[in-house]
Amino acid sequence: MQILSGELIEIKGEMTLLSVLRLASADMEVIREGVQHKRDSMPQLFANSPLVVDCSQLGDTCAALDMTVLREVILALGFIPIGIRNITDTCVEQAIQAGWAVLRAGRATGAPTRIIEPLVEGESKQAEPLMNSVKVVDRPLRSGQQVYFPEGSLVILQHTSAGSEILAGGSVHVYGSLRGRVLAGIGGDTSARIFCQKLEAELVAIAGHYRLLDDIDTDLKGSPAMVWLEGEKLRIAPMF
């Protein structure tokens, strides 16, 4: 029986979580330091993360951006550069020669994104106060979807799927199976907790302290559980 090679190959569109690097400066050292700081604040989240570079804030100063070095810096920091967008027409050829895919203006795909914004030179980042608010999500969270709520706690009324992502400034409550990655206290709130009816997450994190569930010695996988931070260690206990 003859099998055509085309029958063994399938190409289709798929949603995945993307990180978007918004540049406000063409200074490569500012970019390097800013991206490294962001990566180091959440290393498990950004490890081998696909990255789109957005130059909409640069305007004509995009011409001063060394596209080749930019790509090398991003790779060296552990990201996977997949494209660049919102560059001026005069910069397109330079980007292509440096190995960049030039994307159309706006969002590169329909996928949810994380925004990375390195500080411009001389700017200082002020910690924003955590608002005592709650966001309720009443739908399942599917693979490739993200819920991001830095202002307070998140309540998910249904299950979350493998490949999904939850990020909250406060605690996270999931009234169903918790799969995917969940990060509570992303602004540094060490009192934040994670609650779920069925613990099956790939990664749990509180205030920058990360653990892969496969690396945690616990018999609570698949059971109702609570995760909290005790000193520098994540603890897991039964909910009931």
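The values are calculated or read from the model by the stated rules, or taken from the named source; none is laboratory data. This structure is a prediction, so every number in the text was calculated from the model and none was measured. FYI the Cβ positions are ideal-geometry reconstructions off the backbone, even for glycines, and counts take in every protein chain you see.
Results, tabulated for the structure shown:
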{"read-out": "Residue tally, condition farther than 18 Å from ASP40 by Cα and surrounded by fewer than 24 Cβ atoms within 10 Å (Cβ to Cβ), over the range 181-197", "value": "4"}
{"read-out": "Test: residue in the range 22-40 that is touching a Leu at 6+ places or on another chain (Cβ under 8 Å) and at pLDDT below 70", "value": "no"}
{"read-out": "Count of residues meeting criterion [more than 27 Å from ARG181 (Cβ to Cβ), in a helix (DSSP H, G or I) and polar (S, T, N, Q)] in the range 42-89", "value": "2"}
{"read-out": "The listed residue being closer than 30 Å to HIS209 by Cβ and in contact with a Lys or Arg (Cβ under 7 Å, 6 or more places away or on another chain), out of VAL52, VAL30", "value": "VAL52"}
